[in-house]
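For reference, the structure discussed in these notes is given below.
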Amino acid sequence: MSSTFVANGCASNGSEVTSPAITKSVDAKQTNSINKPVQFLERIFRILVEEKVITGPQDVRNKVINFKYPHELQQLLDLPIGEAPTKDEVLVEACQRTIQYSVQTGHPQFFNQLFGGVDQYGLAGSWITEALNTSQYTFEAAPVFTLVEHSIVQKMLTLVGYENGDGIFCPGGSVSNMYAMHVARYKMFPEVKKKGMRALPRLVAFTSDESHYSITKAASWLGIGTDNVCKIKTDERGRMLPVSLDEAIRNTKKEGGHPFFVCATSGTTVLGAYDPLDAIADVCEQHGVWLHVDVCIDTRGVLSICLFI
């Protein structure tokens with residue numbers, strides 16, 4: 001017959017004994033630890049619903065924004081970063097204040113050509129991508145998202161009529177235009193990848209005087225120089241003049257410059273003008289210059305046409 005004597009949580013045979021009370025205490029702590037982030041997020045979601053961020057305020061008498069000047073807003077928001085951890089209550093209040101003093105893009109009287117309101121499906125997708133907190137640089141890191149990106153790119157290629165093509169997602173129009181200028185330079189002078197700009201002639205880019213400022217900025221980023229961006233005259237409706245483009249390219253060649261890039265625009269920022277793409281393409285083909293079209297606004301028109309064909 002064997003027996004075991006227990007004292008101070010240890011058995012006489014040397015093994016440890018855990019009391020039911022200690023086990024319950026540990027389980028409770030683990031449960032609270034798991035539930036805490038869920039409870040916090042539920043509180044934030046309730047605020048989004050109560051403040052009508054998701055549905056948008058229906059009463060037009062409500063303000064589009066509770067406007068405050070910067071010095072007033074700094075007094076209302078606790079923005080300085082301290083040394084001690086911030087409690088959940090303080091974070092919840094900060095989230096609420098952020099909503100209260102931000103532009104209500106879902107308001108019936110808010111109008112913007114690029115954004116507005118909340119799309120429930122897009123918001124759900126955003127929650128999932130943020131919760132998974134991964135990156136898309138390899139298939140191993142993001143297998144599903146990599147295939148989703150590829151599928152969307154292929155669909156976009158089909159919609160715009162490209163039989164052979166590829167694409168990437170960009171954070172905005174400025175970076176997209178810079179990528180286009182970068183590709184045009186590499187296409188014409190692939191040695192730039194190894195030798196840099198010192199091995200190239202003076203490159204000149206062309207765009208209308210109504211085009212987006214990011215073209216000039218791209219020339220600065222890529223080391224081409226803002227002085228080497230030639231602004232082409234536009235007509236009374238803000239459209240690039242192909243005759244002026246042809247003249248500018250010829251003059252650049254006479255002066256020893258090397259035309260390499262033309263940016264046309266489908267939907268300019270201020271006037272919403274559409275450059276005559278066919279005529280501009282003819283000029284580019286004649287001079288052997290890369291044609292890029294900034295279609296930030298016109299993409300919606302392409303998609304609308306495709307949906308009704």
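The values are calculated or read from the model by the stated rules, or taken from the named source; none is laboratory data. Owing to the predicted nature of the structure, the values given are computational and were not obtained by experimental measurement. Neighbour counts are summed over all protein chains in view; Cβ atoms, including those assigned to glycine, are modelled from backbone coordinates with ideal geometry. We work out accessible area using only protein heavy atoms, side chains counted, and drop any ligands, DNA or RNA first. Shrake-Rupley method; radii C 1.70, N 1.55, O 1.52, S 1.80 Å.
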* DSSP loop (so not H, G, I, E, B), at most 16 other Cβ within 10 Å: list which trypsin sites (Lys or Arg not before Pro) in region 194-242 pass both filters. => Arg202, Lys233, Arg237
* Asked: If R0 is 22 Å, what FRET efficiency do you get for Leu132 and Arg46 from their C-beta distance, rounded to 0.05?
  -> 0.40
* Links that overshoot a 28 Å alpha carbon limit, given the list Lys195/Lys233; Lys52/Lys87; Lys187/Lys217; Lys194/Lys217; Lys155/Lys195 -> Lys195/Lys233; Lys155/Lys195
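For region 49-149, report the accessible area per residue in Å² (1.4 Å probe, heavy atoms, rounded to an integer).
Numbers: 8080 Å² over 101 residues.
For region 49-149, the per-residue accessible area is 80 Å².
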* When the distances between all Cα atoms of the chain are binned every 20 Å from zero, what whole-number percent does each bin get? -> 21, 40, 27, 8, 4, 0
* Structure fact -> Taking every alpha carbon pair in region 158-250 and sorting the distances into 5 angstrom bins from 0 up to the bin holding the longest one, the percent per bin comes out as 3, 12, 18, 20, 20, 16, 9, 2, 0
* To do: Write out the GluC sites (Glu not before Pro) in region 138-243 meeting two conditions: DSSP loop, and at most 13 other Cβ atoms within 10 Å of their Cβ.
  => Glu140, Glu163, Glu191, Glu236
* To do: Could you tell me what percent of the accessible area of the chain is made up of carbon and sulfur, with a 1.4 Å probe and every protein chain present?
  => 56 percent
* Asked: How big is the accessible area of Thr134 in square angstrom, nearest 10, if you roll a 1.4 angstrom probe over the protein chains?
  -> 60 Å²
* Structure fact -> For 168-177, 246-255, ranked highest to lowest by mean beta-carbon neighbours within 10 Å, the order is 246-255, 168-177
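Normalising by the residue count of the chain, find the relative contact order in percent from Cα pairs under 8 Å and 6+ residues apart.
11 percent.
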* Have a look at Thr98, Thr216, Thr268 and tell me which one the Gaussian network model of the chain (Cα, springs below 10 Å) gives the largest fluctuation. => Thr98
* For region 46-157, count all C-alpha to C-alpha pairs, find those more than 24 Å apart, and express that count as a whole percent of the total. => 49 percent
